[in-house]
Amino acid sequence: MQSSTLSQTYKPAILQCFGDIAQAIGGNFETYLGVVMQVLQQASTISAGNTDKNYEMIEYVLSLREGIMDAYDGIVIALKDKSKCYSRPHRSYVGMNADSI
Amino acid sequence: MMNVGQDQLATIAHLSTVIIDRLEKTVSMQNQVVSMDDKNTLEEMQTSLASVLMSIIQRLDKEIKPQADRIMQALLGILTASPSSSIVPDAIFGTVGSLANALEQDFTVYMDAFSPFLYTALGNEQEQQLCSLAIGLVSDIARSIGEQVLPYCDSFMNFLLNNLKVNSCYETRHKRFQPC
């Protein structure tokens, strides 16, 4: 995410993977919550921009957002017991992402 | 293989023993190959055997359990012996993925032996194909064994986050990830 030159293959897959890991380990995902949220936030700032004709880029951004949503999905399920305390600071990010889509 | 009827499952189970036998034989052959030709033939053979085994595992699902020990032993043997540049690990990872899906919780016992290979694959960005397979495999394993994945999570997360940073340098526009 650090760089905007994109490798299209794995990033969405890695984000999905975060979601799967989160679902698997439940509340223990807390340890990684901070860094993963940061990554997801960075990922959500990537957009196809005004390049109308660049279908490859548009497709990539769509799959990336799918990955972001999968990750949020897993994290919310994982932390549902504790979500009252943890989701509050992040709620606005999720809302922001939803807006941009 | 995937569409075989319930009544033929015994045949398939028998077939799986034959395939595992063959796979075990290829492991010992690996030390004997000298020429390039032999090596290619052997790799082709291992890849094909591994994909047949993958289909069998998907069809038999939980019924594969009695064979699982032998399968994993053969697969790990091949992984140890083959260089990461060959295509064999790709096929092996696919088979391991289907085994993880089939065994669910019971796959945990193999994690200690298998995770080093997974880490190597995750850390090796030069082998894009293998790396993306490994990422899919982490997902599969996490879904299968649930909470038991916890001891391996630290390493997984480190490798994944690292991949996110590193792989921006490698352009892979023309490859698409295929979940296994």
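What to note about this one:
- Mean Cβ count within 10 Å, highest first, over the residues of peptides B:30-42, B:128-140: B:128-140, B:30-42
- Measuring r between the beta carbons of A:I58 and B:K62 and using R0 = 41 Å, the FRET efficiency lands at 0.45.
- Note on A:17-29: average number of Cβ atoms from other chains within 10 Å of each residue's Cβ is 6.
- Average partner coverage of A:35-42, which counts Cβ from other chains inside 10 Å: 1
- Test item: B:153-162 mean partner chain Cβ contacts at 10 Å: 4
- Chain B, dipole about Cα centre (Lys/Arg Cβ +1, Asp/Glu Cβ -1), debye to the nearest 20: 280 debye
- Long-range Cα-Cα pairs in chain B (distance over 30 Å), rounded percent: 20 percent
Bear in mind that the values in this text are calculations on the coordinates, not laboratory data. Only a predicted model underlies this, so the values are computations on that prediction, with no experimental measurement involved. So basically every Cβ, Gly included, is an ideal-geometry build from the backbone, and we count neighbours across all protein chains shown.
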